[in-house]
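Have a look at the structure below before the remarks.
None of the figures in this text is laboratory data; all of them are computed from the coordinates on show. Nothing here was measured: the structure is a model prediction, and the numbers come from that model. Note that we place each Cβ from the backbone using ideal geometry, even for glycine, and neighbour counts take in every protein chain shown.
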Amino acid sequence: MDKRIIPLIMCGGAGTRLWPASREVRPKQFLPLFGTRSTFQDT
């Protein structure tokens, strides 16, 4: 089983780089950035 590990550091801030995908009601950690599951689900 070969699974890639992708380090990802999410920091606080206004969230303007991922806007409009990331908003107050759906923060970055709940977005599916690498596939169909959110980064919260993958950790």
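Of the peptides 28-40, 2-14, the ranking by mean beta-carbon count within 10 Å, highest at the top, reads 28-40, 2-14.
Proximity of backbone amide H atoms, modeled 1.01 Å from N, is registered between residue 33 and 39 at under 5 Å, excluding neighbours fewer than 5 places apart on the same chain.
In the chain, the DSSP-assigned H stretches of four residues or longer account for a calculated mean residue ellipticity at 222 nm of -1500 deg cm²/dmol, using -39500 (n - 2.57) per stretch and the full residue count as denominator. Derived from the Cα gyration tensor, the three semi-axes of the equivalent ellipsoid of the chain are 22, 11, 8 Å, largest first. Considering only alpha-carbon pairs that sit under 8 angstrom and 6 or more positions apart, the relative contact order computed for the chain is 22 percent.
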